[in-house]
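Read-outs throughout are calculated quantities, based only on the coordinates presented, and are distinct from any laboratory measurement. Being a predicted model, the structure only gives us computed values, none of them experimental. Here Cβ is always computed from backbone atoms with ideal geometry, including for glycine, and neighbour counts include all displayed protein chains.
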Amino acid sequence: MESLPKGVFAAFVRDDEDKKFHALANIGTKPTFGGTAITVELHILDFKGDLYGRKLAVALSKKLREERPFANPGELIAQINKDIQQARILFNNPNGSAQQLTTEVEGVDND
């Protein structure tokens, strides 16, 4: 995972049943919570369900911002909501360019 780009991205996700989703992806160490290991977290937009144990293909579309620590979880949640709004604008813009990097991620926390 060291070779993955770090930051917050608009992303496209495809599951092992070829269903496609829009998502917000965070690749980094979760600095607000004191993390040190690099993780990939996905927030799949408008999705309810369980993807644990499923294989997913993730295509990073556009970097929205660098990962950074926030003073508290409330500030992080507020920024995530802004990131989601920005990602939705990108997904709704059919003329937007997408620089894609695809990787497989197994077992995703959808919370």
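Structural remarks
- Residue in the stretch 28-36 that is part of a strand (DSSP E or B), in contact (Cβ under 8 Å) with a residue 12 or more places away in the chain and in contact with a strand residue (DSSP E or B) (Cβ under 8 Å, 6 or more places away or on another chain) present: yes
- Restricting attention to the stretch 16-39, the residues that are surrounded by 17 or more Cβ atoms within 10 Å (Cβ to Cβ) and aliphatic (A, V, I, L, M) add up to 4.
- Residues of the stretch 58-94 that are surrounded by 15 or more Cβ atoms within 10 Å (Cβ to Cβ), of a type in the set (Gly, Ala, Ser) and farther than 16 Å from Lys6 by Cα: Ala87 alone.
- Residues within the stretch 37-71 that are part of a loop (DSSP other than H, G, I, E, B), within 21 Å of Asn93 (Cα to Cα) and touching a helix residue (DSSP H, G or I) at 6+ places or on another chain (Cβ under 8 Å), tallied: 1
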